[in-house]
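First the structure, in the form of structure tokens, and then the observations on it.
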Amino acid sequence: MRELCRELPSRGLWGPRASGARTNVLYTSKTFDDFQAVSVYAHDRVNPYMYVYAMSVAILHRPDTRGLQLPPLSEMLPEKFMDGGIFDRAREQCHVRNEGTRVPIEIPRDYTASDLEEEHRVAYFREDVGINLHHWHWHLVYPFQAPLNIVRKDRRGELFFYMHQQILARYNFERLCNRLGRVKRLLNLREPIEEGYFPKLDTLVASRNYPPRPSGSKLSDINRDKIRLDIADLERWRDRIIEAIDLGRAINTKGEVVELTEEGGIDILGDIVEASILSINPSLYGSLHNMGHFLLAFPHDPDQRHLETFGVMADPTTAMRDPVFYRWHAFIDDLFQIHKRKLPSYPDNKLDYQGVRITNIEVTTKGAGKNEMTTFWEQNDIDLSRGLDFTPRGPVFARLTQLQHETFTYKIQVENTSNSERMGTVRIFLAPKFDERGQPWLFCDQRLMFIELDKFVVTLGRQKSSTITRESSQSSITIPFERTFRDLESSCPSPGEQALEDFNYCGCGWPQHMLIPRGSPEGFPCQLFIMISDIKDDMVEGSSAGNGECAKSASFCGIRDKKYPDRRSMGYPFDRMPPSGVDTLQQFLTPNMAVTDVRIVFTNRTEPGRSVSNQL
């Protein structure tokens with residue numbers, strides 16, 4: 001217990017080393033009784049944010065706590081997700097209104113900025129509670145500081161690359177829907193940051209607001225508490241990583257050469273860039289990604305002279321709200337793309353599936369035209385009461401307005417000319433048809449804009465022609481609303497059931513309501529890409545893509561205690577440069593691939609969603 005509470009951070013600050021140490025103590029408690037005793041002792045002595053993080057990681061990974069109920073962070077720490085003014089109104093609800101007369105507190109969709117700030121056009125994406133919960137929960141499942149057997153998961157470094165690359169692609173997609181250009185990489189840490197951000201969030205632990213960052217803020221070396229970080233440190237780590245990528249090999253702590261190979265190089269690179277404790281040489285390559293987040297969290301008070309706490313970029317729960325998150329990750333992703341550009345292009349025999357041909361694809365949406373998807377606003381309620389620090393309690397609901405889409409169906413016509421039963425993996429991606437200038441893409445650029453929508457195994461019968469039907473709600477990327485905002489009272493399985501372990505782990509996943517971008521009122525033109533790859537090149541021993549509920553979000557989160565359920569490189573077939581002479585998407589296609597034009601129509605209407613009014 002003394003070890004757990006040694007050198008507690010002050011003023012709400014919690015860093016990667018400190019949180020990793022606390023996680024280690026909780027995770028390695030020898031018995032459940034020891035774990036419970038340490039947890040109780042730490043509850044009133046450890047920074048609450050650190051406590052929740054360390055407890056959540058331990059509960060997810062200890063074999064004797066997998067049956068414990070893990071509430072969503074939006075209920076434990078609601079101040080990380082919504083305007084601080086909400087809590088004054090929640091206090092009023094608790095003290096003035098009886099439980100039966102309380103009404104949901106509506107959170108305005110636009111409360112951090114006005115339309116005078118063009119970056120605010122995509123605030124509905126950056127500030128979406130479900131998206132931020134996904135980022136938090138992913139880092140619970142894949143912490144970079146924890147006992148080795150927790151951090152060392154199959155293809156962890158590659159998954160760090162791919163999950164964040166897809167976030168960036170989705171953000172750029174939303175920007176194009178809103179007539180904004182793709183995000184600019186944050187290449188020069190010594191230049192002023194154009195984008196400002198005023199989060200309007202409270203840090204209740206520190207009894208103050210998350211600090212804003214005005215437009216034109218400059219970064220400085222950090223010298224506060226136990227954090228000593230120079231901009232030159234990040235520049236040195238960046239140069240060493242780029243040198244390793246250019247040479248195709250890195251150096252481990254023993255001075256040995258480690259090749260960044262075609263198959264495993266991206267995984268090694270992911271651990272180096274983040275950096276997790278799996279980095280082969282943290283002294284040489286540093287902690288570029290993580291410390292970059294900290295640097296970007298302190299432009300307002302780098303030497304602590306004003307006793308201010310960190311900005312949203314230092315917290316995985318809030319970092320995705322800030323426009324600079326995407327600029328930083330555009331730079332981080334470019335490091336991975338340098339490596340990917342050095343790999344050989346896929347030859348036809350790595351793309352084609354002999355005897356299998358897609359002849360037609362179609363998307364149907366109720367009430368919409370052919371190959372048309374529709375989006376709208378939806379209002380949903382979540383309970384804040386578990387995270388309130390005042391009494392009396394009882395349900396206190398916040399009403400969120402979120403982007404939503406009508407459920408749609410893929411219909412894929414396939415020919416199998418092999419005269420035998422075949423199995424394959426259906427891979428579905430979506431990309432904007434035109435760039436920000438309204439021009440057709442070069443394929444080398446468009447491939448980085450494809451967002452993965454689904455991936456699943458299919459059996460093709462002996463008949464020559466067949467139709468594959470798939471609902472958008474079955475996506476291997478997403479989790480439904482009930483798993484994003486888990487209600488412990490109404491939807492949680494009973495303690496001790498295997499289903500409860502899935503319930504906790506499967507809080508990791510992209511929110512279903514954000515599966516597709518917003519689109520535009522006139523119909524945003526997109527290209528839907530579908531391919532069927534050969535199952536014998538996809539199958540992984542020791543994994544099962546159909547194993548339990550956790551497999552439903554396997555593309556971003558993997559499957560607990562199993563290998564990643566796809567042997568191909570993550571992002572295949574768009575993760576590498578095309579062969580020479582392939583300039584357009586059509587030139588890239590093989591017979592087992594097909595593309596069709598679709599439109600996403602944004603209707604700008606607001607619909608009621610999961611309301612609690614009937615319970616009040």
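So here's what we get for this one:
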item: Per-residue HN-Hα couplings for the stretch 427-435 [Karplus 6.51, -1.76, 1.60; θ = phi - 60°; Hz; x = Gly/Pro]; result: 10, 10, 10, 9, 9, x, 7, 10, 7
item: For the stretch 519-529, 3J(HN,Hα) per residue [Karplus equation, 6.51 cos²θ - 1.76 cosθ + 1.60, θ = phi - 60°, Hz, x = Gly/Pro]; result: x, 8, x, 7, x, 7, x, 9, 10, 9, 10
item: Contact order normalised by residue count of the stretch 223-367, Cα under 8 Å, 6+ apart, percent; result: 20 percent
item: Accessible-area composition of the stretch 325-366, carbon plus sulfur, in percent [1.4 Å probe]; result: 43 percent
item: Distant-in-sequence amide H partners of residue 368 (H built 1.01 Å from N, under 5 Å); result: none
item: Candidate lysines - alpha carbon under 22 Å from residue 433, same-chain residues fewer than 8 apart omitted; result: 184, 370, 411, 455
item: Cα-based convex hull, the stretch 128-197, per residue volume (Å³, whole number); result: 141 Å³
item: Rh by Kirkwood over Cα pairs, then Stokes-Einstein D for the stretch 296-347 at 1.567 mPa s and 4 °C, µm²/s; result: 97 µm²/s
item: Derived scalar couplings ³J(HN,Hα) [the stretch 586-600; Karplus, 6.51 cos²θ - 1.76 cosθ + 1.60; whole Hz; x for Gly, Pro]; result: 4, 5, 7, 5, 10, x, 7, 10, 8, 9, 9, 7, 10, 10, 10
item: Built amide H within the under 5 Å cut-off of residue 423, gap 5+; result: 460, 535
item: Stretchable slack from residue 561 to residue 251, in nm (0.36 nm times residue separation minus alpha-carbon distance); result: 108.6 nm
item: Heavy-atom accessible area order for 246, 267, 115, largest first, 1.4 Å probe; result: 115, 246, 267
item: Estimated distance in nm for a label pair at residue 349 and residue 482, the labels positioned 7 Å out from Cα along Cα-to-Cβ; result: 4.8 nm
item: Solvent-accessible area per residue for the stretch 293-381 (1.4 angstrom probe, square angstrom); result: 33 Å²
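The values are calculated or read from the model by the stated rules, or taken from the named source; none is laboratory data. Just so you know, these numbers come straight off a predicted model, no measurement behind them. Heads up, the Cβs are rebuilt from the backbone with ideal geometry, glycines too, and the neighbour counts pull from every protein chain shown. SASA here: full protein model, heavy atoms, side chains in, ligands and nucleic acids out. Shrake-Rupley method; radii C 1.70, N 1.55, O 1.52, S 1.80 Å.
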